[in-house]
1. Which pairs have Cβ atoms under 8 Å, sit 6 or more apart or on different chains, and link a residue in segment 208-222 that is farther than 12 Å from D168 by Cβ and at pLDDT below 80 to one that is among the basic types (K, R) and outside any helix (DSSP H, G or I)?
2. Return yes or no: is Q426 within 24 Å of K329 (Cβ to Cβ) and away from ligand 1 (no atom under 13 Å from the Cβ)?
3. Against the conditions (1) away from ligand 2 (no atom under 16 Å from the Cβ); (2) within 18 Å of L330 (Cα to Cα), where does I394 fall short? Just the number, please.
4. State all residues of segment 184-224 that are among the acidic types (D, E) and in contact with a Gly (Cβ under 9 Å, 6 or more places away or on another chain); if no residue qualifies, say none.
5. Using the structure shown, decide if A182 is buried (at least 23 other Cβ atoms within 10 Å of the Cβ), more than 16 Å from ligand 2 (Cβ to nearest atom), in a helix (DSSP H, G or I) and in contact (Cβ under 8 Å) with a residue 24 or more places away in the chain.
6. If a residue must be more than 10 Å from ligand 1 (Cβ to nearest atom), under 25 Å from S512 (Cα atoms) and outside any helix (DSSP H, G or I), how many such residues does segment 431-450 contain?
7. So, in segment 360-377, how many residues would count as being surrounded by fewer than 22 Cβ atoms within 10 Å (Cβ to Cβ), within 15 Å of ligand 2 (Cβ to nearest atom) and within 12 Å of R407 (Cα to Cα)?
8. Does segment 455-468 include one or more residues that are within 14 Å of ligand 2 (Cβ to nearest atom) and of a type in the set (D, E, K, R)?
Amino acid sequence: MRENREIRYTGVGVSEGVVVGRVLRVHDETRYVYRTRIDPDEMDRELRRFRAAVRLAKRQLLSIKERAEQELGKDHAYIFDAHLLMLEDQKLISDVEHYISEERSNAEWALKVVCDRLLAVYSEIKDDYLRERGSDIEDVVKRLLVALSGEQPAHRNLSQDAVIVSQDLLPSAVAELDLDYARAVVTDTGGWTSHMAIVARGLGIPAVVGLRDFYWRARTGDTIIVDSDRSQVILHPGPDTLEKYRPLTGVVAERPAVPISSGDGGLIKTLDGVEVTLRANVELPAEYAGVKDYGAHGIGLYRSEFLLSRRGLLVSEEQQYKVYSEVAKLAGEHGAIIRLFDLGAEKQHDAQQDAERNPALGLRAIRFGLAHDQIMRTQLRAILRAAAVGKLDIVLPMIADVADIARAVKILDEERLKLDAEIVQQGKVQVGAMIEIPSAVLTAHKIAARVAFFELGTNDLIQYTLAVDRGNEDVADWFRTLHPAVLYSIKHSIDAAKSAGIPVIVCGEMASTPAYAVLLIGLGAVDLSMTPPLLPRVRLVLSRIDSGKAREIANECLECATADQVENLVRQRFLTEWPDLFSSENLPTENDSA
Ligand code: PEP
Ligand code: MG
């Protein structure tokens, strides 16, 4: 019997607000399959269990397909047809059943053996597209394994009070959740810059991450309080605790008294008249409304990899064209910057990535695109075509130096020419570089001469400058946003862009944290992009500071030797200069945000 004692866990609160809800465990889709021997008199039951799992998986797929058709249109639903066909493939089903009977094997093991054989055949296929379809088999196998285990799949419709609890939620899994009903998110891994945290803030729901082994302690249906403001999660809260929390629940910390659609079009001025542009970062359709509601100056960063639901389920050119056209319309006259797929370590489950020794330093982002240029070409064509509908630009992720840019631009030019030859309408796009790894910072002057703009990805910049995994809570103490090395890198990149006369948009999570945003202004930034619900706070703070003062403080920070020194300095100076804007509670201590 499980003991339902009230237990409190502390992690990192990465959004705002408090909710009471019910746990919905969402697994990360990696499962281990073991072999057990089935007694002859249990054979029929095992076969029935397998057939029931196939029926359940079919029902699930039909309902997902229906939902996908309604929400995304018929074109998006074809993926599920392929999966349904597989479940109807009599050869596959009978091979599994045969293995169960002949080998007296449990259904899970039989499924694995049969599908591994099939996958081995697929992996030999020369044609890239067909070989990739192997991932559809993996997907169907996962679904059947979940069905056999009796667990709910990740993409089920969420109930109104669902609190998503997972070890880690990758964009591929997030994209499949019906997040309209999610009340909060709780994960074992991650920090302020992990993608689930970014998405939770975008949706305006509470989130606590970095809870280590909470997933194993919670069960679907358990009552849970998520107190993002205090970085706490309370499992099985007792009546007294529930009573205490009742007045707080559903309350997201008060936002500043600035009209939401502020009418400034995302252009504000500091007290001394420096104009600052505020744009929106967007990942999911659920965030689209925020772009207008919070008055952003277009979309500064569209993280396109959130379009991909799982490895292999690549979105066709036509589907991407529709999405990018919609994004362009949403962004309006100021346009949207589409980042090419930043596929990689923390963003996608991928057998190949898993096999990499050090995936954060592996085949991700632009490297992945250059290595799989067909995927990149399809995406580029879709963007170029959608750029005829509205203003779109492209940013290349994880650029190391000008060689990466030259290779990507060559491919872009080839696709432009092909579209012209096919007489397909296309728009003009500018190409920018994500500056987020140290080699790009150090060669920023050279890169600036080759691109139209920079985007400073401070999340990865911190990770790579300090050699600290941004999603690993064991090293969270070393993830120091205010490390002088990070500040030098930002200053150096901004200066390089300025001397080349190109703009810099800061789009990492630093931009959305008021105290960090002030320092960014002090380091010379005038263009920030962030998750829409956080725009009002940044807008309020930046419109009440003097940029000259911010510069003075930033210069003092650059003289410091350690992150501790910078933090102390920021605390002292901000509290003295802007006591009405900052208090010790809303100034960042590390792994925290203002
Ligand atoms: C970054 O690295 O700061 C960034 C904006 O991109 P992402 O968080 O998606 O890596
Ligand atoms: Mg990045």
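The values are calculated or read from the model by the stated rules, or taken from the named source; none is laboratory data. Computed from a prediction, not measured in an experiment: that's the story for all the values here. Cβ placement follows ideal geometry from the backbone for every residue including glycine, while neighbour counts extend to all protein chains displayed. These area figures cover heavy atoms from the full protein model, side chains too; ligands, DNA and RNA do not enter into them. Shrake-Rupley method; radii C 1.70, N 1.55, O 1.52, S 1.80 Å.
1. From residues that are farther than 12 Å from D168 by Cβ and at pLDDT below 80, the pairs are T220/R22; T220/R25.
2. yes
3. Evaluating I394 over (1) away from ligand 2 (no atom under 16 Å from the Cβ); (2) within 18 Å of L330 (Cα to Cα) leaves (1) as the failure.
4. From segment 184-224, those among the acidic types (D, E) are 188, 213, 222; that's our starting set.
Once the filter is applied, which keeps residues that are among the acidic types (D, E) and in contact with a Gly (Cβ under 9 Å, 6 or more places away or on another chain), segment 184-224 yields only D188.
5. On the way: buried (at least 23 other Cβ atoms within 10 Å of the Cβ): yes; more than 16 Å from ligand 2 (Cβ to nearest atom): yes; in a helix (DSSP H, G or I): no; in contact (Cβ under 8 Å) with a residue 24 or more places away in the chain: yes.
Judged against the criteria, A182 is not a match.
6. Qualifying residue count, segment 431-450: 3.
7. Total satisfying the criteria: 1.
8. There is at least one residue in segment 455-468 that is within 14 Å of ligand 2 (Cβ to nearest atom) and of a type in the set (D, E, K, R).
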